[in-house]
Amino acid sequence: MVSFEISDLIQENRIDKSVYLDPEIFELEMQNIWAKAWIFIGHDSQVPHAGDFYTTDIGRSPVVMVRAKDGQVHVLHNRCGHKGAKVAGKKCGNVAGFRCPYHGWSYKLDGALRGVPNRHGYENTDFDIKDPQFSMTPLARVANVRGFVFASLSPEGPSIEEFLGDAIATINNVADRAPEGEIEIVCSPLRYEHDCNWKMFVENLNDAMHPMVAHASVGQAAKSYLADQPEGTVYPKEAEIIFPFGSSYKFFDEMKVTALKYGHSYMGGQSSIHTGYSDIPDYMDAMEAAYGDTKTKEILSQNRHNTIIYPSFTLKDAIQAMRVVRPVSVDKTIIETWHFRLKGAPDEMLKRTILYSRLINSNASMVGPDDWDCYRRMHEGLQSHSSKWVDMRRGLSADSKATQSKGAQSFGTSDLSFRNQYRVWAKYMNTGTSDA
Ligand code: FES
Ligand SMILES: [Fe+2]
């Protein structure tokens, strides 16, 4: 029994501040959203060999992704079948099998219980080593989309194809941008704890009203630098990457925002803040050799800014960057920034991606911390005893026209993606499911 009604919290044009602040709401989100939706776990290139594993969480539920001897990638509950201790303690590694550090129960790579020390004490009990209740049980549903592994704690819900809808085009485009059609995760993700509710981060990614304000200092610095350069200067990649953060409202409006089912959204499509990057030598040659001229042009013409696969996963196809959301508590969220190599592409592509993270997303960057400061200010400001409402009505009058076959589209600085997220949030929270 909860002490609030979801319908009191979400209106068409605004939401109650407790959506960000109330620990009871956070707990319900863990049950009704994070334990129901498809959540991004990792990429199968992180576990290339039998016995390779990677641990993470879905909400508060610890899980481990592991490759078994037959090559299959499993996602298991990281919980001992005996008394519940977390079995795999490291972030990643390679094992012949799992062994619980408490009483030594051991497991095969697919989670089946292999052995129990001092077994004779179980004689004449109903203990059965084959009984799944004593295993590290597989998650209810696991799906692999071009190497991206998603899982759901819930046995019910939409298929991964239905859930992703047109957001799958971003995943496909990321993989297609590799001349070999596959990506490969490199190094550990950057992880930083934000003092904010997870939804503030998720909203921010397609919030096009903030870059020219929150990131004004860095945008302005890039502009001044470029203005001072003599004609014909070849700009460094740093300038190319930073400069668009100072773009105008008109630029972002023309980029457009598209809201999809299940709370997903993306900005851009044919163009985005990444469109103006210069070519990387040899990359086009590698693409054309792999796909031919027409197909290469088609692949590279898709240019989405941030695609949000609600609630856990965000991806930029054109810059090969992804960020993953791991909620910790009502006001703490870990954001992971991941990097991947486009197989068959020159190393310069990976270097540019890492440069992008260093400049824009890392905790020592010139852009990300502007956003974190705004989230923290929201948490501070929302303690105020003035209005309890958080506004999201920008572009509301255009929503009825904002429909197209693949989702609802509006001008880029519309609050459409937030309204879409909270419409779906309310459905999850009310029923533990979202049909759209
Ligand atoms: S809790 Fe794992 S063996 Fe006892
Ligand atoms: Fe930002």
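The values are calculated or read from the model by the stated rules, or taken from the named source; none is laboratory data. Everything numeric in this text was worked out from a predicted model, so none of it was measured. Don't worry about glycine lacking a Cβ; one is built from the backbone with ideal geometry, like all the others, and counts go over all protein chains shown.
A compact table of results
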quantity	calculated
Among (1) closer than 30 Å to VAL367 by Cα; (2) within 16 Å of ligand 1 (Cβ to nearest atom); (3) of a type outside the set (A, V, I, L, M, F, W, C) - the single one HIS215 does not satisfy	(2)
Test: residue in the range 97-105 that is surrounded by 14 or more Cβ atoms within 10 Å (Cβ to Cβ) and closer than 27 Å to PHE163 by Cβ	no
Subset of the range 282-318 (residues that are crowded, with 24+ Cβ neighbours inside 10 Å and in a loop (DSSP other than H, G, I, E, B))	TYR310, PRO311, ASP317
Count of residues meeting criterion [more than 19 Å from ILE39 (Cβ to Cβ) and of a type in the set (Lys, Arg)] in the range 52-66	0
Residues that are at pLDDT 95 or above and charged (D, E, K, R), drawn from the range 403-422	ASP415, ARG419
Count of residues meeting criterion [in a helix (DSSP H, G or I) and either among the charged types (D, E, K, R) or under 20 Å from MET322 (Cβ atoms) (or both)] in the range 355-384	17
Residue within the range 414-426 that is outside any helix (DSSP H, G or I) and either farther than 18 Å from ASP22 by Cα or touching a residue at least 12 places away in the same chain (Cβ under 8 Å) (or both) present	yes
Test: residue in the range 129-150 that is within 16 Å of ligand 1 (Cβ to nearest atom) and touching a helix residue (DSSP H, G or I) at 6+ places or on another chain (Cβ under 6 Å)	no
Number of the condition not met by LYS256 [criteria: (1) among the basic types (Lys, Arg); (2) over 30 Å from THR55 (Cβ atoms); (3) in contact with a helix residue (DSSP H, G or I) (Cβ under 9 Å, 6 or more places away or on another chain)]	(3)
Residue within the range 31-48 that is of a type in the set (A, V, I, L, M), surrounded by fewer than 20 Cβ atoms within 10 Å (Cβ to Cβ) and assigned to a loop (DSSP other than H, G, I, E, B) present	yes
Residue satisfying all of: in the range 91-113; under 29 Å from the mean Cα position of the chain (by Cα) and away from ligand 1 (no atom under 16 Å from the Cβ); farthest from SER188 (Cα to Cα) among these	ASP110
Which listed residue, of ALA68, ALA37, is over 25 Å from PRO311 (Cα atoms), away from ligand 1 (no atom under 16 Å from the Cβ) and within 26 Å of the chain's Cα centre (by Cα)	ALA68
Of residues in the range 187-204 being assigned to a loop (DSSP other than H, G, I, E, B) and surrounded by 17 or more Cβ atoms within 10 Å (Cβ to Cβ), the one nearest to ligand 2 (Cβ to nearest atom)	CYS196
Cross-chain or 6+ apart pairs with Cβ under 6 Å, the range 171-186 first and part of a strand (DSSP E or B), then among the charged types (D, E, K, R)	GLU184/ARG341; GLU184/LYS343; VAL186/ARG341
Selected residue (only one of TYR192, TYR235 is closer than 30 Å to ASP16 by Cβ and among the hydroxyl-bearing types (Ser, Thr, Tyr))	TYR192
Residue check for THR337: touching a Leu at 6+ places or on another chain (Cβ under 7 Å) and not charged (D, E, K, R)	yes
Within the range 139-157, considering residues that are in a loop (DSSP other than H, G, I, E, B) and in contact (Cβ under 8 Å) with a residue 40 or more places away in the chain, the one nearest to GLN72 (Cα to Cα)	GLY147
Residues satisfying the stated conditions in the range 41-66, i.e. in contact with a Leu (Cβ under 7 Å, 6 or more places away or on another chain) and either under 30 Å from PRO23 (Cα atoms) or of a type in the set (D, E, K, R) (or both)	ILE58, SER61, VAL63, VAL64
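Per-residue answers, yes or no, for (1) farther than 22 Å from ILE183 by Cα; (2) under 35 Å from the mean Cα position of the chain (by Cα); (3) crowded, with 17+ Cβ neighbours inside 10 Å:
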site	(1), (2), (3)
ASN118	yes, no, no
TYR122	yes, no, no
ILE129	yes, no, no
ALA140	yes, yes, no
SER152	yes, yes, yes
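Here's the yes/no breakdown for (1) in the same structural domain as LYS86 (by TED's automatic domain parsing); (2) more than 19 Å from HIS339 (Cβ to Cβ):
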{"site": "THR125", "(1), (2)": "yes, yes"}
{"site": "ASP131", "(1), (2)": "yes, yes"}
{"site": "SER135", "(1), (2)": "yes, yes"}
{"site": "GLU156", "(1), (2)": "no, yes"}
{"site": "GLU162", "(1), (2)": "no, yes"}
{"site": "LEU190", "(1), (2)": "no, no"}
{"site": "MET200", "(1), (2)": "no, yes"}
